[in-house]
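Novice: There's a structure below that I have some questions on.
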Amino acid sequence: MTSPTLANLNAKLANDFDIAAQALVWLRESIPQLAGAIAVLVIGVILARLLSKTADRALTRSGRIEPTVAKFLSNIIKYALWVVLIVTVLTQFGVQTTSIIAALGGLALAVGLALQGTLSNVAGGVMILIQRPFRVGETISAGPVLGTVSAIGLFTTEMVQPDGLYVMVPNNELWNKPIINFTRLPTRRFELLIGIGYTDNIEQARTELLALAAADDRVLDDPAPEVFVSALADSAVTIGMRVWCATDNYLALSWALTEAAKTRFGEVGITIPFPQREVRTISVGQNGRKPL
C-alpha cells in the first residue's frame, strides 16, 4: 500500500505539472501578443521621447512663448504621450481599456473639482504668459495692486510696491481685472493743472508755462507741448499744460514742472488763489423779524 505522505506528494507533483503545463500553453499561445506588446512598447517609448523632445525644443526656441509656459506645455505633451502608449500596450494584451479610460476621466474630473481655485490660477498664469500684458521689470496696476513685477509663475505673480513692500498676487486675480501697464510704451503724457486768479492774464500764464516746458530737455518736441483753459472754477481759472516725455523721465519731470510752475508764477506776479467763501451777516430785529 502507498503511504498517505507519498500519495500527497504525488498529487502535489501532478498539480504542479498541470500548472506548469497550463503556463507553457498560455505562453505559447500568447507569444504573438507578447511580441506585439513588446514591439509597441519599444517603438512607443522611442517615439514618445522623440516627440516630447521635439515639442520641448520647438516651444523653448519660440520667441512668442515664455519659457515657463513652454516647459508646462512640453510636460503636458510628454505625459499625454505616455498615457496613450500605456493604453495601447494594454490593448495588445486584450485588456478592455474602456473602463480604464472612464476611470481616469472620473479621476481627472474629481481632481479638477478639488483643485478648482488652483487650476484657475494656472489658467490665469498661462494666459498672462501667452498674452504678455506685462513682463518682469514693468510697473503695473490691477485693481488695488500697484507695483513692479519681479517674477511671473504659473500660480502667482510676485511684485514690489513703490514703498518697497513685497506682494504675491494669485494669477487669477490679475487676469480677471483691467491691467494698466505704466512702462510698456516708450513715451507718456504728463498733464499739469494749476489755477490762476480771475484777474490774472491767461495769455501770460500760457507763455510762462510753455517757456518752462521748452527749457526742460526731457520734454519732447513731438507731440508739442500745449497749454489751455481747463475749467472755470469757483475761485480760479484752471490752466492745463500737457507735455510728452520718455516713460523713464515721467516722475522726475512731473515733480520738476509742478515746482517750477509755482515758483515762476510767484516771480511774475500770477496768483494761485485758494478757495474763498463770502459770508454775509444779516441782523435780526427785536421781534425776530429781519429789518426792512
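Novice: Taking only the stretch 118-134 into account, find how many residues are without any contact (Cβ under 8 Å) to a residue 24 or more places away in the chain and either surrounded by 14 or more Cβ atoms within 10 Å (Cβ to Cβ) or of a type in the set (Phe, Trp, Tyr) (or both).
Specialist: 1
Novice: Turning to a different aspect of this structure: Filter the stretch 56-89 down to residues that are over 24 Å from the mean Cα position of the chain (by Cα) and of a type in the set (A, V, I, L, M) and give me whichever is modelled with the lowest pLDDT.
Specialist: Val89
Novice: Kindly list, by first and then second residue, each pair from a residue in the stretch 160-172 that is surrounded by 10 or more Cβ atoms within 10 Å (Cβ to Cβ) to a residue that is at pLDDT below 90 and in a helix (DSSP H, G or I), limited to pairs with Cβ atoms under 7 Å and residues at least 6 apart or on different chains.
Specialist: Final answer for the pair search is Pro170/Asn121; Asn171/Asn121; Asn171/Gly124; Asn171/Gly125; Asn171/Ile128; Asn172/Ser120; Asn172/Asn121; Asn172/Gly124.
Novice: While we're on this one: So which residues in the stretch 230-270 are among the hydroxyl-bearing types (Ser, Thr, Tyr), over 40 Å from the mean Cα position of the chain (by Cα) and part of a helix (DSSP H, G or I), if there are any at all?
Specialist: Selection gives Thr263 alone.
Novice: Then there is this: Does Arg206 count as of a type in the set (Lys, Arg) and either surrounded by 15 or more Cβ atoms within 10 Å (Cβ to Cβ) or not in a strand (DSSP E or B) (or both)?
Specialist: Answer is yes for this residue.
Novice: Related question: Considering the stretch 227-241 alone, what residues qualify as being within 20 Å of Thr263 (Cα to Cα) and without any contact (Cβ under 8 Å) to a residue 24 or more places away in the chain?
Specialist: Of everything in the stretch 227-241, those that are within 20 Å of Thr263 (Cα to Cα) and without any contact (Cβ under 8 Å) to a residue 24 or more places away in the chain turn out to be Val227, Phe228.
The values are calculated or read from the model by the stated rules, or taken from the named source; none is laboratory data. Bear in mind that the values here come from a model prediction, so they are computed numbers and not experimental data. FYI the Cβ positions are ideal-geometry reconstructions off the backbone, even for glycines, and counts take in every protein chain you see.
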